[in-house]
Amino acid sequence: MAMATGTAILEAFYQAAGQFVPADHLAKLLKTSAGQVVAEITGLEQLGYSIESHPHFGYRLLDAPDRLTADDIKARLHTVAIGSQILVFEQTSSTNDVVEHMARSQAGEGLVVFAESQTKGRGRHGRAWVSPRGKGLWFSVLLRPRLKPVAAARITVAASVAVARAVRKTTGLDARIKWPNDITVRGKKVAGILTELHAEGDEILAAILGIGIDVNCRVEELPANIATSLQIETGKPQDRAALAIETLAALDECYRAAQTNFDALVTEWAAWCTTLGKQLVVTMGARRIEGHAQALDDDGALLLRRDNGQIERILAGDVVVEK
Ligand code: BTN
């Protein structure tokens, strides 16, 4: 498929890394006239891009808006599977619902749907997920993994490592993983993962991976005491598009590892995990299990050793206490 003109221009700007790109280079790239290049540049400026134009040197990108656009993300993303199609909505109910709908209409693996805000963002166990407009990354990814449904927890492990890796790289914060699906900074949650499955018999037809990252949320926009944001933790606003790109790039690698080299993924997971080695109380509905978190097994289940020595295999639940 031909690359959208906005994507092609932005890709040229990002490759030039702040230097001028000659107008005739852009015209050649877009297979169009200089006049059309001016129109495309004007279109980007209307979206909030700050672009300097020079009669001899051409154009250069000075600043990008704090706004997610599919063109911008595609221009900077070089992945194998994740991001085969990227959509950005101003508002959705839940991005997981949009992806689920598209999965039923045969959308391909790697589709990513972002929303600037969600009216019905949801977390695990049917809890609401607050998604203030333009303050975070609220997105879902369509996966069609070559995994058995019993090993679906590997996807959440992959996503946890990807988010932790991207947060660490873009902010320098000491992001940690709290089993099963939280990313934390200094003990407070900054991101959550919701993996929803469609399986038939022994086959996963689709896994819808929903990720919410509190990027630039203010204290009053977050659930009191338990949550934080990257802006709160670093003391400055963070570049959402850059974080989105790092997260998708990391997810591309981690998702591949989940299917082909899970041991290596678990090693990275374990290095950042706050849950292993702790005495836990895990609740699963009415069931409550206490024990010592030992390891992840090959399916991504947490192995908990009870006081009587018995090993419990736990696939999901709420960790109440980490001692
Ligand atoms: C949790 O911690 O309970 C999981 C939170 C997952 C939130 C994300 S935001 C994007 C996607 N759409 C949703 O409705 N939920 C996930």
- prompt: In degrees from 0 to 90, rounded to the nearest 10, what is the angle of the helix 95-104 Cα long axis to the longest principal axis of the chain?
  reply: 90
- request: Express the carbon and sulfur contribution to the solvent-accessible surface of the chain as a percent, rounded to the nearest whole number, probe 1.4 angstrom.
  value: 51
- line: In degrees, nearest 10, the alpha-carbon axis of helix 5-16 is tilted away from the dominant principal axis of the alpha carbons of the chain by 90
task: Determine the relative contact order of segment 170-323: mean sequence separation of Cα pairs under 8 Å and six or more apart, normalised by residue count, in whole percent.
output: 17
query: How far apart, in nm, are two points set 7 Å out from the Cα along the Cα-to-Cβ line at residue 308 and at residue 261?
result: 4.2
- request: Report, by chain and number, residues whose modeled amide H sits under 5 Å from the one on residue 21, excluding near sequence neighbours (fewer than 5 apart, same chain).
  value: 59, 60
message: At 1.4 Å probe radius, can you tell me the per residue accessible area of segment 65-223 in Å²?
response: 41
- request: Compute the long axis of helix 153-171 from its Cα atoms, compare it with the longest principal axis of the Cα atoms of the chain, and write down the angle in degrees, 0 to 90, nearest 10.
  value: 50
- line: Given 10 °C, 1.306 mPa s and a Kirkwood radius over Cα pairs, the Stokes-Einstein diffusion coefficient of the chain in µm²/s is 76
task: Obtain the nm distance between the two label points defined at residue 84 and residue 42 by a simple spin-label model: each point lies 7 Å from its Cα along the Cα-to-C-beta direction.
output: 3.8
- request: Please arrange 14, 255 by accessible surface area, largest first, computed with a 1.4 Å probe and ligands excluded.
  value: 14, 255
query: Just 176, 287, 146 to compare: in a GNM of the chain, with alpha carbon springs under 10 Å, which one fluctuates most?
result: 287
message: Below 8 Å between Cα atoms, with a sequence gap of 6+, how large is the relative contact order for segment 1-124 in percent?
response: 22
For the chain, built as a Gaussian network whose Cα springs stay under 10 Å, the top-fluctuating residue of 147, 251, 47: 47
query: Which Cα, out of 70, 162, 85, lies furthest along the positive dipole direction of the chain (beta carbon charges, K/R +1, D/E -1)?
result: 162
message: Please give the charge dipole size of segment 10-112, origin at the Cα centre, charges +1 on K and R Cβ atoms and -1 on D and E Cβ atoms. Round to the nearest 20 debye.
response: 300
statement: With the charge dipole of segment 188-323 built from beta-carbon charges (+1 for Lys and Arg, -1 for Asp and Glu) about the Cα centre, the Cα from 272, 284, 228 projecting farthest to the positive end belongs to 228
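Which value, in debye to the nearest 20, gives the size of the charge dipole of the chain about its Cα centre, when Lys and Arg are +1 and Asp and Glu are -1 at the Cβ? Intermediate values should be presented prior to the final figure.
Numbers: 36 positive and 38 negative charges, 140 e Å.
With Lys and Arg at +1 and Asp and Glu at -1, about 680 debye.
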message: Explain nothing, just the number: dipole magnitude of segment 104-256 about its Cα centre with +1 on each Lys and Arg Cβ and -1 on each Asp and Glu Cβ, in debye rounded to the nearest 20.
response: 300
message: At 1.4 Å probe size, what's the solvent-accessible area of residue 131? Round to the nearest 10 Å².
response: 10
query: In the Gaussian network model of the chain, springs joining C-alpha atoms below 10 Å, which of 298, 202, 174 carries the largest mean-square fluctuation?
result: 202
statement: Expressed in angstrom, Rg and Dmax over the Cα atoms of segment 178-301 are 16.5, 49
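The values are calculated or read from the model by the stated rules, or taken from the named source; none is laboratory data. Quick caveat, the model's predicted, so the values are computed rather than measured. A quick note on method: Cβ atoms are made from the backbone with ideal geometry, for glycine too, and the neighbour counts reach across all protein chains shown. All accessible areas refer to the heavy atoms of the entire protein, side chains included, with ligands and DNA or RNA removed. Shrake-Rupley method; radii C 1.70, N 1.55, O 1.52, S 1.80 Å.
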